[in-house]
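Just below is one structure, and these are the notes that go with it.
The values are calculated or read from the model by the stated rules, or taken from the named source; none is laboratory data. A quick note: this is a predicted structure, and the numbers were derived from the prediction, not measured. Note: ideal-geometry Cβ built from the backbone for every residue, glycine included; neighbour counts use all protein chains shown.
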Amino acid sequence: MLARLLLVSSVCAAGLAAQNEVTLIRAGRLIDVRAGTVRDNQQILVKDGRISAVGAHVTVPRDAVVIDLSHATVLPGLIDNHTHVLLQGDITAEDYDAQLLKESIPYRTIRATVAARTALMNGFTTIRDLETEGAMYADVDVKTAIARGVIPGPRMFVATRAFAPTGMYPLLGYSWELKMPEGVQIVDGVDNIRKAVREQVKYGADWIKYYSDRRYFMKDGALHSWVNFTDDEAKAMVDEAHRLGRKVAAHAMGWEGIDSALRAGVDTIEHGDGLDDGLLERMRKQGVYWCPTLYVGVYVMSGRPAVWREMAALEGKAFRNAVGKGVLISFGTDVGGFAWTENEAKEFSLMVRYGMTPMQSIQAATTVAAALLGQQEQLGAIEPGKAADIIAVAGDPLADVSELERVKFVMKDGVVYKQ
């Protein structure tokens with residue numbers, strides 16, 4: 001018998017895949033994200049967790065396990081470049097405060113393991129988790145547990161504790177007599193910031209994240225904000241991170257916050273609701289990536305000030321302009337800011353509504369997202385030599401991108417987690 005055809009249940013799929021070093025996947029339709037095309041009746045050979053060969057005719061080893069996806073659409077594992085596994089949704093300030101005040105870090109970490117598994121089952125084989133929101137370095141522990149096979153979850157790149165200056169981030173509004181927990185690491189001054197960056201790298205940070213602005217308000221039809229750090233402080237943070245081989249993500253929503261972050265030399269802008277043509281052109285020239293996180297704005301607006309409705313509309317306009325200008329747009333959802341019971345793949349439909357083709361939105365979550373992480377040689381496409389991160393859906397996501405909310409098959413590093 002040339003090969004054994006396995007149609008296995010999700011219960012035993014991961015174990016069987018782990019026990020066999022060679023797997024052949026028969027793909028009815030394969031989305032080639034590099035070329036932006038679809039190839040019919042392809043075969044994908046997986047050896048030792050990596051893709052060995054792709055094509056219409058692949059030599060099948062005698063002991064290969066064959067997975068039949070001949071009636072499915074196959075594509076690379078998805079990448080979400082803005083998540084919070086240590087958060088469970090915070091439409092209102094009270095929602096956020098309750099998590100920091102009533103849930104211990106160990107309890108939040110237990111919940112984070114469920115969030116990580118949810119992301120994987122939804123087809124996200126890699127995530128960039130942008131801060132623990134008061135849970136210290138627990139994201140490093142979750143990342144380690146996944147990497148060691150203790151728990152199932154996506155490959156993680158973590159930012160540990162985001163930075164903000166004194167008095168600029170929750171918890172706020174409590175009596176000065178009480179010492180309240182902080183949702184971020186509080187840093188002030190150039191020397192303290194450099195030391196704090198070193199500390200985070202010491203404890204496992206892959207990325208550095210900071211809050212560039214706050215207090216969003218509309219003026220003359222544009223979104224404005226108060227800037228958190230001085231230019232010297234922001235530049236010191238970016239300089240120290242880059243010196244240590246780490247990239248920097250800036251939460252920046254209003255014009256002033258985005259402008260400050262770009263002057264500091266950050267690598268990614270998160271949210272970016274107030275982006276105008278001038279800022280978008282600067283991002284394009286500087287090669288700065290944008291993670292728009294569209295869905296979270298829609299999800300939380302009911303519990304936020306009225307300006308948030310205007311912010312969501314502005315971001316849709318900015319998104320369309322960014323697509324036209326060729327700005328580097330990476331898929332990122334801010335899940336955790338909205339509940340993990342919501343499928344983060346809902347972001348795709350908004351990206352298409354605001355101007356991307358379905359293929360562009362998929363590329364934003366594969367090739368572009370991998371490049372943002374500096375992992376383009378390892379992730380983001382079904383190509384020989386890359387990690388065997390492969391998902392499948394029953395329908396055609398290029399005709400209906402919401403198909404990506406119904407992922408039927410998930411493989412990460414050659415191990416099947418869902419089938």
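Taking the criterion of being charged (D, E, K, R), assigned by TED's automatic domain parsing to the domain that holds residue 279 and surrounded by fewer than 20 Cβ atoms within 10 Å (Cβ to Cβ), would at least one residue in segment 399-414 satisfy it? No. Yes or no: segment 306-320 includes at least one residue that is without any contact (Cβ under 8 Å) to a residue 40 or more places away in the chain, within 30 Å of residue 95 (Cα to Cα) and outside any helix (DSSP H, G or I). For segment 306-320, residues without any contact (Cβ under 8 Å) to a residue 40 or more places away in the chain, within 30 Å of residue 95 (Cα to Cα) and outside any helix (DSSP H, G or I): present.
Which one of 233, 177, 240, 182 is among the acidic types (Asp, Glu), in contact (Cβ under 8 Å) with a residue 24 or more places away in the chain and either assigned to a loop (DSSP other than H, G, I, E, B) or not assigned by TED's automatic domain parsing to the domain that holds residue 256 (or both)? Matching residue, one of 233, 177, 240, 182: 182. Tell me whether segment 345-352 contains one or more residues that are of a type in the set (D, E, K, R), farther than 23 Å from residue 380 by Cα and buried (at least 17 other Cβ atoms within 10 Å of the Cβ). Checking segment 345-352: not a single residue is of a type in the set (D, E, K, R), farther than 23 Å from residue 380 by Cα and buried (at least 17 other Cβ atoms within 10 Å of the Cβ).
Among the residues of segment 374-383, are any among the charged types (D, E, K, R) and farther than 27 Å from residue 65 by Cα? Looking through segment 374-383, none of the residues is among the charged types (D, E, K, R) and farther than 27 Å from residue 65 by Cα. Of all residues in segment 331-344 being polar (S, T, N, Q) and closer than 26 Å to residue 97 by Cβ, which is surrounded by the most Cβ atoms within 10 Å (Cβ to Cβ)? The residue in question is 333.
Does residue 50 qualify as being of a type in the set (D, E, K, R), crowded, with 17+ Cβ neighbours inside 10 Å, within 26 Å of the chain's Cα centre (by Cα) and closer than 21 Å to residue 365 by Cβ? No: the conditions fail for residue 50. Among the residues of segment 215-222, at least one is in a loop (DSSP other than H, G, I, E, B), modelled with pLDDT under 95 and not charged (D, E, K, R).
Among the conditions (1) buried (at least 17 other Cβ atoms within 10 Å of the Cβ); (2) modelled with pLDDT of 95 or more; (3) assigned by TED's automatic domain parsing to the domain that holds residue 128; (4) closer than 30 Å to residue 32 by Cα, residue 356 misses just one, which is (3).
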